[in-house]
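See below for the structure under consideration.
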Amino acid sequence: MAVKVNNRKAGDDQFDRAAELIGLKDNIRDSLKMPDRELMVEVPLRKDDGTLQSFRGYRVQHNNSRGPFKGGIRYHHEVDLDEVRSLASLMTWKTALVDIPYGGGKGGITVNPHELSERELERLSRRFFRAIDPIIGVNKDIPAPDVNTNAQIMAWFADEYGQLHGHTPGIVTGKPINLGGSLGREAATGKGTAIITRETAKRYDIDLEGASVVIQGFGNVGSYTGKFLSEMGCKIIAVSDVHGGLHEPDGFDVPSLFKYNYDNRTVKDCGQGKTLSNEELLGLECDFLIPAALGGVIHKMNADQLKCKIVIEAANGPITPPASEILYDKKIHVVPDILTNAGGVTVSYFEWVQNLQQFQWDEDEVNEKLEKRMVRAFNEVSSFCDEKKTSLRLAAFGVAIDRVAHSFELRGI
Ligand code: NAD
């Protein structure tokens, strides 16, 4: 069960605590909290049966002190302005933390895409992109996929933009490879998560060889994280998806689990492990618990049951603020989402650079550059954490906010 979080309050509290830590001036605080621009649009859709339906769409541009706004577009029936606003600000801190020249933005449509046909989804996506066209641009705001949007939808966006302005592949990232997508993008968030887990193991003196790992959510991020951690020597002892979990105390045969999941889009009936619920999975004893599905899954009603040494937040916002405090008291370390899952936006940045250069890098080059940025960001957060004697979460926000504030001041108003 996931808990709906008051995003604005949670984000503001976190921002204020980190701002306090770095001694940020009050007037800059107010400015950095407030989004630069919020666009709300009506998106009409002619359904296949000829009827007309209207949807609400959003694009929030939080801050562009360090470069063009960057962030995904989410299709979900619970999308609202509060959620998009808070995800937009998280993107500002995430891009700053891995030091890529972007600001933060986010968009979405309040829609259940599973209720639409493929053609309806295409018409809705094209119409939405036209509606936000006045504020996007390859040097202004570069969208990307998020929950329930994918490479195909990015292809429609790029095509729609191209019809209005001429061929501009860099207008969105997360595209199919043969339309200018980057090699290594599909695995990037999981690869980044595995790199951060490896660096965390070093920091807390945990031997990665044989370290036990539990992964909630075996989708894009969770499955690649499991694959790379297993290649690094970890033992993946439990995994789950929306249909429930599986427990294999001696460790899964990960290559065959990964292939089964890739082909079937679920781990259910893969022929390994004993079934358990998603809630039971969170309470397993392990070195690393990696929530890689939804926000709000670790909350004040279940935080006390966790028996892991470290939580690696691969999903966005999987721990509610009250649960964070419970884990802190239990001395369970938490590696925050803005650091852990930043591999995705980092390779999106590489995709944009390749599009601007009209040149494609090979996969080794992409991975080598990703590795460098993730390790550098981890070390910066780690040093800040030790220097200020604070949590990794506040350290990550501290480093990021300080970087954005510095650019903001240099640019002037
Ligand atoms: P995905 O749709 O590929 O996978 C989600 C997985 O979670 C699936 O296995 C799904 O079955 C499972 N799931 C859904 N509901 C669940 C539930 N109630 N309990 C347990 N499992 C459940 O999505 P993804 O791209 O892997 O994204 C996962 C998380 O990572 C999201 O929070 C997303 O915002 C975040 N994230 C993703 C990326 C990226 O590049 N894909 C980048 C940054 C952050």
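Taking all protein chains as present, what is the carbon and sulfur share of the accessible area of segment 229-369, in % to the nearest whole number, probe 1.4 Å?
Looking at segment 229-369 in its full context, I get 50 percent from C and S.
For the chain, what is the mean residue ellipticity at 222 nm derived from helices alone (per DSSP H run of n ≥ 4: -39500 (n - 2.57); sum divided by total residues; nearest 500 deg cm²/dmol)?
-15000 deg cm²/dmol
Quick one: what does P(r) look like for segment 182-413 with 10 Å bins over all Cα pairs, in whole %?
8, 32, 35, 18, 5, 1, 0
May I ask for the net charge around PRO68, where only other residues with Cβ less than 12 Å from the Cβ of PRO68 are counted and Lys, Arg are +1 while Asp, Glu are -1?
Summing Lys and Arg as +1 and Asp and Glu as -1 gives +1.
Strictly over 32 Å apart at the Cα level, which of LYS70/LYS307; LYS191/LYS268; LYS9/LYS175; LYS268/LYS309 would you flag in this model?
LYS70/LYS307; LYS9/LYS175
For GLU351, what is the net charge nearby, where nearby means another residue's Cβ is under 10 Å from its Cβ and Lys, Arg count +1, Asp, Glu -1?
Cβ neighbours under 10 Å give a net charge of +2.
Can you compute the equivalent ellipsoid semi-axes for the chain, i.e. the square root of 5 times each eigenvalue of the Cα gyration tensor, sorted largest first and rounded to whole Å?
31, 26, 21
In whole percent, how big is the carbon plus sulfur part of the accessible area of segment 38-179, probe 1.4 Å, protein atoms only?
48 percent
Got a number for the accessible area of LYS309? Probe 1.4 Å, square angstrom, nearest 10.
Per-residue accessible area (LYS309): approximately 110 Å².
Using the beta-carbon distance between SER256 and THR390 and R0 = 45 Å, what value does 1/(1 + (r/R0)^6) give for FRET efficiency, to the nearest 0.05?
0.60
Provide the gained length on full extension for the span GLN357 to HIS165, in nm with one decimal, where the gain is 0.36 nm per separating residue minus the Cα-Cα distance.
This chain segment gains 67.3 nm when fully extended.
Alpha carbon centre of segment 60-121 versus segment 338-409: separation in Å?
18 Å
Using a Gaussian network model of the chain whose springs link C-alpha atoms within less than 10 Å, name the residue from LYS307, LYS235, LYS331 with the highest mean-square fluctuation.
Result for the chain, Cα springs under 10 Å: LYS331 fluctuates most.
Can you tell me the order of 356-362, 36-42, 167-173, 311-317 when each peptide is scored by its average per-residue count of other Cβ atoms within 10 angstrom, highest first?
In descending order of packing, they fall as 311-317, 167-173, 36-42, 356-362.
Quick one: compute the contact order of the chain, relative version, from alpha carbon pairs under 8 angstrom and 6+ residues apart, as a percent.
Result for the chain is 17 percent.
Could you rank the peptides 96-104, 371-379 by their average count of other C-beta atoms within 10 Å per residue, with the highest value first?
Ranking the peptides 96-104, 371-379 by packing returns 96-104, 371-379.
So what's the convex hull volume per residue for the Cα atoms of segment 38-179, in Å³?
101 Å³
Over segment 38-179, average the accessible area per residue using a 1.4 Å probe and give it in Å², no decimals.
Averaged over the residues of segment 38-179, the accessible area is 38 Å².
To check you understand DSSP bridge types, tell me what percent of the beta bridges within the chain (both residues inside) are antiparallel, rounded to 5.
50 percent
Classify segment 116-236 as rounded, prolate or oblate, taking a ≥ b ≥ c as the square roots of the eigenvalues of its Cα gyration tensor: rounded when a/c is under 1.5, otherwise prolate if a/b is larger than b/c and oblate if not.
Prolate is the answer for segment 116-236, as a/c is 1.5 or above and a/b outweighs b/c.
If we sort 241-250, 346-355, 194-203, 134-143 on the protection proxy, mean other Cβ atoms within 10 Å, highest first, what's the order?
Output ranking for 241-250, 346-355, 194-203, 134-143: 346-355, 194-203, 134-143, 241-250.
Under a plain spin-label model, where a point goes 7 Å from the Cα along Cα-to-Cβ, how far apart in nm are THR275 and GLU118?
With each label placed 7 Å out from Cα toward Cβ, I get 3.2 nm.
Are there DSSP H segments in the chain that both extend 27 Å or more along their axis (alpha-carbon positions) and score a mean Kyte-Doolittle hydropathy of at least 0.5? List them, or say none.
392-411
GNM on the chain, C-alpha springs below 10 Å: top fluctuator among GLU20, GLU115, GLU209?
Among GLU20, GLU115, GLU209, the largest mean-square fluctuation in the Gaussian network model of the chain belongs to GLU115.
Counting Lys and Arg as +1 and Asp and Glu as -1, what is the net charge of the other residues whose Cβ lies under 11 Å from the Cβ of ARG46?
Neighbourhood net charge equals +1.
Taking a virtual spin label 7 Å from the Cα of ASP12 along the C-beta vector, which residues in segment 90-113 bring their backbone nitrogen under 19 Å of it?
90-93
The values are calculated or read from the model by the stated rules, or taken from the named source; none is laboratory data. Fair warning: this is a prediction, and the values are worked out from it, not measured in the lab. We place every Cβ from the backbone using ideal geometry, glycine too, and count neighbours over all the protein chains shown. Remember, those area values only see protein heavy atoms, side chains included, never the ligands or the DNA or RNA. Shrake-Rupley method; radii C 1.70, N 1.55, O 1.52, S 1.80 Å.
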